[in-house]
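Enquirer: Mind looking over this structure? Questions follow.
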Amino acid sequence: ETGVTQTPRHLVMGMTNKKSLKCEQHLGHNAMYWYKQSAKKPLELMFVYNFKEQTENNSVPSRFSPECPNSSHLFLHLHTLQPEDSALYLCASSQDRELTDTQYFGPGTRLTVL
Amino acid sequence: AQKVTQAQTEISVVEKEDVTLDCVYETRDTTYYLFWYKQPPSGELVFLIRRNSFDEQNEISGRYSWNFQKSTSSFNFTITASQVVDSAVYFCALSEGTSGTYKYIFGTGTRLKVLA
């Protein structure tokens, strides 16, 4: 595997379900990110992890819970979601959290909340 | 005010036409980086180019070229002899800030449709 992988690629869940999104990067990077991409809206940065520590939480509702057990893996735990949470969730990684760093993205998980 | 503006929401061209995607940015920093990404229908954002604020040389990579002009705060992207496979949403992004406060800001994207 190379680059950034995400599973599952598609997910349909009810509002009472609990599910998790997984991201894995094979680039040896230290920083990882979760983004939300909704139709006709800019990419929204949700969380940033650097060396496994959460460094940014951009006012994300608590029904989204990130977890970063090591620098290669990032999870997004979902519970009690709302239909407006339906979106493409993108994971990204970069060497570090520096000005010069390029972010590399995974293919995304397309989430539908019924 | 948006820090990265892609005023063209959607562009349609016929195959083999040249097309330019505009990106205008706003920053007070003297050191910053600009990026372009391509998002095909599959969803993944594919990194295309990174340019630092001190390098105003234009860059060409195959059919792709980029024109960076600090005087107009623009970083435009041109596809020459477009192909159907170029159909995608293209995002411009800006990296700015100081240690501990870095921001990676995306524009809203331009959807390019190349018609056969």
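Enquirer: Of everything in segment A:1-24, what is assigned to a strand (DSSP E or B) and among the hydrophobic types (A, V, I, L, M, F, W, C)? Give them in sequence order.
Expert: Within segment A:1-24, A:VAL4, A:LEU11, A:VAL12, A:MET13, A:LEU21, A:CYS23 qualify.
Enquirer: Could you pull out the residue among A:THR102, A:THR109 that is among the β-branched types (Val, Ile, Thr) and under 16 Å from A:GLY28 (Cβ atoms)?
Expert: None of the others qualify; the one that does is A:THR102.
Enquirer: Can you tell me which of B:PHE75, B:PHE47, B:PHE54 is farther than 26 Å from A:THR5 by Cα, free of Cβ contacts under 8 Å to residues at least 60 places away in the same chain, surrounded by 15 or more Cβ atoms within 10 Å (Cβ to Cβ) and of a type in the set (A, V, I, L, M, F, W, C)?
Expert: B:PHE75
Enquirer: Going by the structure shown, is A:GLU67 in a loop (DSSP other than H, G, I, E, B) and of a type in the set (Asp, Glu)?
Expert: No: the conditions fail for A:GLU67.
Enquirer: Of the conditions (1) surrounded by fewer than 15 Cβ atoms within 10 Å (Cβ to Cβ); (2) part of a strand (DSSP E or B), A:SER62 clears all except one; give me its number.
Expert: For A:SER62, the exception is condition (2).
Enquirer: Follow-up. Which condition number in (1) more than 14 Å from chain B (Cβ to nearest Cβ); (2) in contact with a Phe, Trp or Tyr (Cβ under 8 Å, 6 or more places away or on another chain); (3) surrounded by 13 or more Cβ atoms within 10 Å (Cβ to Cβ); (4) not β-branched (Val, Ile, Thr) is the one that A:ASN17 fails?
Expert: Exception for A:ASN17: condition (2).
Enquirer: Pick from B:LYS3, B:LYS16, B:LYS38: which is in contact (Cβ under 8 Å) with a residue 24 or more places away in the chain and at positive phi?
Expert: B:LYS16
Enquirer: When segment B:1-25 is examined, which residues are found to be closer than 16 Å to B:PHE91 by Cβ and part of a loop (DSSP other than H, G, I, E, B)?
Expert: Answer for segment B:1-25, where residues must be closer than 16 Å to B:PHE91 by Cβ and part of a loop (DSSP other than H, G, I, E, B): B:GLN2, B:LYS3, B:GLN6, B:ALA7, B:GLN8, B:THR9, B:ASP22, B:CYS23.
Enquirer: Got a sec? Which strands (runs of 3 or more DSSP E) wholly within segment B:29-72 have at least 1 residues that are basic (Lys, Arg), touching a Ser or Thr at 6+ places or on another chain (Cβ under 8 Å) and within 8 Å of another protein chain (Cβ to nearest Cβ)?
Expert: Qualifying strands (runs of 3 or more DSSP E): B:46-52.
Enquirer: Any residue at all in segment A:94-102 that's surrounded by 14 or more Cβ atoms within 10 Å (Cβ to Cβ) and in a strand (DSSP E or B)?
Expert: yes
Enquirer: Can you name the residue in segment B:94-116 that is part of a strand (DSSP E or B) and facing another protein chain (nearest Cβ under 8 Å) and is also farthest from B:GLN83 (Cα to Cα) among such residues?
Expert: B:GLU96
Enquirer: Sticking with this structure for a sec: Could you list, in sequence order, all residues of segment A:63-93 that are hydrophobic (A, V, I, L, M, F, W, C) and over 13 Å from the mean Cα position of the chain (by Cα)?
Expert: At the first step, the residues of segment A:63-93 found to be hydrophobic (A, V, I, L, M, F, W, C) are A:64, A:68, A:74-76, A:78, A:81, A:87-88, A:90-92.
Answer for segment A:63-93, where residues must be hydrophobic (A, V, I, L, M, F, W, C) and over 13 Å from the mean Cα position of the chain (by Cα): just A:LEU81.
Enquirer: While we're here: Within segment B:73-87, does at least one residue satisfy the condition of being within 14 Å of chain A (Cβ to nearest Cβ) and outside any loop (DSSP other than H, G, I, E, B)?
Expert: For segment B:73-87, residues within 14 Å of chain A (Cβ to nearest Cβ) and outside any loop (DSSP other than H, G, I, E, B): absent.
Enquirer: Something else now. Among the residues of segment A:103-114 satisfying the criterion of being under 11 Å from the mean Cα position of the chain (by Cα) and either assigned to a strand (DSSP E or B) or of a type in the set (Lys, Arg) (or both), which is farthest from the other protein chains (Cβ to nearest Cβ)?
Expert: The selected residue is A:THR109.
Enquirer: Sticking with this structure for a sec: Among A:LEU76, A:LEU45, A:LEU27, which is assigned to a strand (DSSP E or B), within 14 Å of another protein chain (Cβ to nearest Cβ) and either in contact (Cβ under 8 Å) with a residue 24 or more places away in the chain or closer than 18 Å to B:ILE105 by Cβ (or both)?
Expert: Result of the check over A:LEU76, A:LEU45, A:LEU27: A:LEU45.
No value in this document is a laboratory result; all are computed from the given coordinates. Computed from a predicted model, the values in this text were never measured in an experiment. When we count neighbours, we look across all protein chains shown, and the Cβ atoms used for this are built from the backbone with ideal geometry, even at glycine.
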